[in-house]
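This report refers to the structure that appears directly beneath it.
The values are calculated or read from the model by the stated rules, or taken from the named source; none is laboratory data. Bear in mind the structure is a predicted one, so any value in this text is a computation, not a measurement. Because the Cβ atoms are built from the backbone with ideal geometry, glycine has one as well, and the counts that use them run over all protein chains shown. Just so you know, the surface numbers come from the protein's heavy atoms only, side chains and all, with ligands and any DNA or RNA stripped out. Shrake-Rupley method; radii C 1.70, N 1.55, O 1.52, S 1.80 Å.
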Amino acid sequence: MMPKQMYLSKGILAGFDSYKYSAVDTSPISKYLCHPFWNKVVTIVPLWIAPNLLTLTGFMMLIVNFVIMTYYDPHFTAASHDYPNDPPIPNWVWLIGGINNFLSHTLDGIDGKQARRTKTSSPVGELFDHGLDSWATVFLPISVFCIFGRGEHGVDVFRVYIIVVGIMVCFVCSHWEKYNTGVLFLPWGYDIGQIGMTIIYLITFYGGHDMWKFRLPVLGWSPAETFVIAVHFGFYILTFPITFYNIYRSYKNRTGKMHSFYEAMRPLVSTFILFSLLIYWACISSCDILELQPRLYYWTTGTAFSHIACHLIIAQMSNTRCELINPKILPLLTIVLLVQFLNLGMTEVVLLWCYCIYISLTHLMFGVGVVREMCQHFKINAFSI
């Protein structure tokens, strides 16, 4: 007798039964550089290694980067001359960061190839891969931020937060696009960004973080500001216009799902509410919560976003209706209302910790439960062949 499903309904599982992977990758960097390299790398991976194990290992490398940099630079002040009492991050950390980022990107690129090579492709692998990718959106930018830090030649934590939110919006737009078109158009900015971050890590290892403390001639931008501008260029030139065009084209040619406007926009509601609440909290906080606890705020945002994004990924893969409002937003709404009407002071930090622990445990339980139920349904093992 099959155990009762706690996270995935029979309708969702039935949708997964008929799911076929459909993706388009037109990035020249991906086509002419990444994929040829990955095709060679995957041939040295033993056939007994499960693709999901590669995916998880790559994700854990990003976690290692986050943990190490949190230990040495909890408040993003170690690379700033404005905080002379805070010791700098050891140079070897940048080498570890570059290696981990490169390997994480490589493992993320070969997991699907390993699945096809071992004839173990399944919806479980794609969901596992994209689910962890949604969480990785928070770890990638904030680790690079440690190189520049705050201060005169750095970037303040709120601007970095807007970048983090922007990267998450890019991610959710790709899956919103697939929800409406049936095809996942892989964004050009992903591989470019990953390669760029690895290069920045290695340059910093060679020259130290002080090498970035200068202003570009004529423009007067610091390297940190240039990095911010480049990221925004990726948002507004390489991602958003292409997403909207692909959706427009699917309606014009009648090749997509042909949802009504309400149904088409439905998957974005929870994400919009989440980011609105968190940005508003950061703006009205009586203790300047984002300045006080930037890493905790980033982690909480990334985890809550990943939880919402995973529900969207499940809906678009199973061809079922996406939820309108994720109930895990309601505790956050309560907190923001308290902050709005009461002068809570440092109590806000306690509330942030509480919500962080709540959403982290909830998301982990959800992820484990979903993978377990899908493995039971397809009669496979997640981490072994």
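Contact annotation: residue pairs with Cβ atoms under 6 Å, 6 or more positions apart or on different chains, pairing a residue in segment 358-385 that is small (Gly, Ala, Ser) with a partner that is in a helix (DSSP H, G or I), are 360/303; 382/52; 382/371; 382/375.
Restricting 371, 336 to residues that are out of contact with any Ser or Thr (no Cβ under 6 Å at 6 or more places or on another chain), open to solvent by less than 10 Å² (accessible area, probe 1.4 Å) and β-branched (Val, Ile, Thr) narrows the list to 336. Take the conditions (1) touching a Ser or Thr at 6+ places or on another chain (Cβ under 7 Å); (2) open to solvent by less than 80 Å² (accessible area, probe 1.4 Å); residue 79 misses just one of them, which is (1). On inspection, residue 12 passes the criterion of being surrounded by 17 or more Cβ atoms within 10 Å (Cβ to Cβ) and either part of a helix (DSSP H, G or I) or under 24 Å from the mean Cα position of the chain (by Cα) (or both). Annotation: of all residues in segment 144-165 being small (Gly, Ala, Ser) and surrounded by 21 or more Cβ atoms within 10 Å (Cβ to Cβ), the one that is nearest to residue 223 (Cα to Cα) is 154.
Output the residue which, of all residues in segment 88-108 that are more than 24 Å from residue 125 (Cα to Cα) and among the hydrophobic types (A, V, I, L, M, F, W, C), is most open to solvent (accessible area, probe 1.4 Å). By that ranking, first place goes to 92.
Free of Cβ contacts under 8 Å to residues at least 40 places away in the same chain, of a type outside the set (A, V, I, L, M, F, W, C) and more than 29 Å from residue 204 (Cβ to Cβ): does that describe residue 113? Quick ask: steps written out before the conclusion?
Numbers: free of Cβ contacts under 8 Å to residues at least 40 places away in the same chain: no; of a type outside the set (A, V, I, L, M, F, W, C): yes; more than 29 Å from residue 204 (Cβ to Cβ): yes.
Criteria not met by residue 113.
Can you pull out the helices (runs of 4 or more DSSP H) entirely within segment 151-263 that have at least 2 residues that are under 30 Å from residue 78 (Cα atoms), in contact (Cβ under 8 Å) with a residue 24 or more places away in the chain and in contact with a helix residue (DSSP H, G or I) (Cβ under 9 Å, 6 or more places away or on another chain)? By residue number, 157-181, 188-207, 223-233. Go through (1) closer than 17 Å to residue 175 by Cα; (2) open to solvent by less than 50 Å² (accessible area, probe 1.4 Å) for residue 265 and report which single condition fails. That leaves (2) as the condition not met.
Select, from 278, 330, the only residue that is open to solvent by 50 Å² or more (accessible area, probe 1.4 Å), at pLDDT 95 or above and either under 24 Å from residue 77 (Cα atoms) or aliphatic (A, V, I, L, M) (or both). I'd like the intermediate steps shown before the answer.
Details: 278 fails: open to solvent by 50 Å² or more (accessible area, probe 1.4 Å).
None of the others qualify; the one that does is 330.
The one condition from (1) part of a loop (DSSP other than H, G, I, E, B); (2) in contact with a Phe, Trp or Tyr (Cβ under 8 Å, 6 or more places away or on another chain) that residue 53 does not meet is (1).
Among the residues making up segment 15-62, those that are within 27 Å of residue 95 (Cβ to Cβ), over 21 Å from the mean Cα position of the chain (by Cα) and hydrophobic (A, V, I, L, M, F, W, C) are 33, 37, 38, 41, 42, 44, 45, 49.
When the residues of segment 45-76 are narrowed to those that are among the β-branched types (Val, Ile, Thr) and open to solvent by 50 Å² or more (accessible area, probe 1.4 Å), which ends up farthest from residue 146 (Cα to Cα)?
Looking at residues that are among the β-branched types (Val, Ile, Thr) and open to solvent by 50 Å² or more (accessible area, probe 1.4 Å), I get 57.
Each residue in segment 109-125 was checked for being surrounded by 22 or more Cβ atoms within 10 Å (Cβ to Cβ) and of a type in the set (D, E, K, R), and 1 of them qualify. Quick check on segment 197-204. Is at least one of its residues open to solvent by 10 Å² or more (accessible area, probe 1.4 Å), closer than 30 Å to residue 259 by Cβ and under 19 Å from the mean Cα position of the chain (by Cα)? For segment 197-204, residues open to solvent by 10 Å² or more (accessible area, probe 1.4 Å), closer than 30 Å to residue 259 by Cβ and under 19 Å from the mean Cα position of the chain (by Cα): absent. Listed conditions (1) of a type in the set (A, V, I, L, M, F, W, C); (2) in contact with a Lys or Arg (Cβ under 8 Å, 6 or more places away or on another chain); (3) closer than 30 Å to residue 295 by Cα are all met by residue 79, apart from (2). Residue count for segment 57-111, restricted to those that are small (Gly, Ala, Ser), in contact with a Pro (Cβ under 7 Å, 6 or more places away or on another chain) and assigned to a helix (DSSP H, G or I): 0.
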